[in-house]
1. Return the total of residues in the range 5-50 being farther than 13 Å from P95 by Cα and of a type in the set (A, V, I, L, M, F, W, C).
2. Between a first residue in the range 97-115 that is assigned to a loop (DSSP other than H, G, I, E, B) and a second residue that is not aliphatic (A, V, I, L, M), which pairs have beta carbons less than 7 Å apart while being 6 or more apart in sequence or on different chains?
3. Select, from P74, P95, the only residue that is of a type outside the set (G, A, S) and open to solvent by 60 Å² or more (accessible area, probe 1.4 Å).
4. Please work out which one of (1) under 23 Å from K101 (Cβ atoms); (2) of a type outside the set (D, E, K, R); (3) out of contact with any Lys or Arg (no Cβ under 7 Å at 6 or more places or on another chain); (4) surrounded by 11 or more Cβ atoms within 10 Å (Cβ to Cβ) is the condition G26 fails and give its number.
5. What number of residues within the range 46-63 are farther than 20 Å from K101 by Cβ and either open to solvent by less than 30 Å² (accessible area, probe 1.4 Å) or modelled with pLDDT of 95 or more (or both)?
6. Here are some residues: T14, T18. Which one is open to solvent by 30 Å² or more (accessible area, probe 1.4 Å), on the phi < 0 side of the Ramachandran plot, in contact with a helix residue (DSSP H, G or I) (Cβ under 7 Å, 6 or more places away or on another chain) and polar (S, T, N, Q)?
7. Pick out the one residue from S54, S77 that is touching a helix residue (DSSP H, G or I) at 6+ places or on another chain (Cβ under 6 Å) and hydroxyl-bearing (S, T, Y).
Amino acid sequence: MSSLTIYHNPNCGTSRNTLALLREKGLEPTVVEYLKEGWTKDQLKDLLAKMDASAHDVLRVRGTNAEALGLTDPGASDDMLIAAMIIEPILVNRPIVVSDKGAALCRPAELVLGLI
């Protein structure tokens, strides 16, 4: 596999389990700690396109202020959500894994197996 990236939060059990599962399979992905590195608009749009998903599909609500910001409203646009995710990276659910086979939000961790 030539390309494997995990957008990772080391404080998240599912993210740690996904990374461990990849390593158990003998794979060493590029690890991007997105809470430290942040997101760009182009990066998020590219990931969503690869996942065939909307920003609502990767919005993290639990443990965030997404509801208070009105981001859980079905009428909130992807552009609105992406702008908020750039300002507050924690609003993106994790882990997201990208491989040559595609990209996915790997919740549960076993979903990563379809990407390797």
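The values are calculated or read from the model by the stated rules, or taken from the named source; none is laboratory data. It should be emphasised that the depicted structure is a prediction, and the values quoted were computed from it without experimental measurement. Note: ideal-geometry Cβ built from the backbone for every residue, glycine included; neighbour counts use all protein chains shown. For the accessible areas, the whole protein counts, side chains as well, though only heavy atoms, and no ligand, DNA or RNA atoms are used. Shrake-Rupley method; radii C 1.70, N 1.55, O 1.52, S 1.80 Å.
1. At the first step, the residues of the range 5-50 found to be farther than 13 Å from P95 by Cα are 23-28, 36-46, 48-50.
Right, trim to of a type in the set (A, V, I, L, M, F, W, C) and you get 27, 39, 44, 48-49.
Here the count works out to 5.
2. As it stands, the answer is D100/S2; D100/S3; C106/T18; C106/P95; R107/T14; R107/N93; P108/T14, since those pairs meet every condition given.
3. Details: P95 fails: open to solvent by 60 Å² or more (accessible area, probe 1.4 Å).
From the options P74, P95, the qualifying one is P74.
4. (4) is the only condition that G26 fails.
5. Initial filter on the range 46-63 (farther than 20 Å from K101 by Cβ): 54-56, 59-63.
Restricting the remaining residues to those that are either open to solvent by less than 30 Å² (accessible area, probe 1.4 Å) or modelled with pLDDT of 95 or more (or both) gives 54-56, 59-61.
Residues in the range 46-63 being farther than 20 Å from K101 by Cβ and either open to solvent by less than 30 Å² (accessible area, probe 1.4 Å) or modelled with pLDDT of 95 or more (or both): 6 in total.
6. Details: T18 fails: open to solvent by 30 Å² or more (accessible area, probe 1.4 Å).
Matching residue, one of T14, T18: T14.
7. Numbers: S77 fails: touching a helix residue (DSSP H, G or I) at 6+ places or on another chain (Cβ under 6 Å).
Exactly one of S54, S77 is touching a helix residue (DSSP H, G or I) at 6+ places or on another chain (Cβ under 6 Å) and hydroxyl-bearing (S, T, Y), namely S54.
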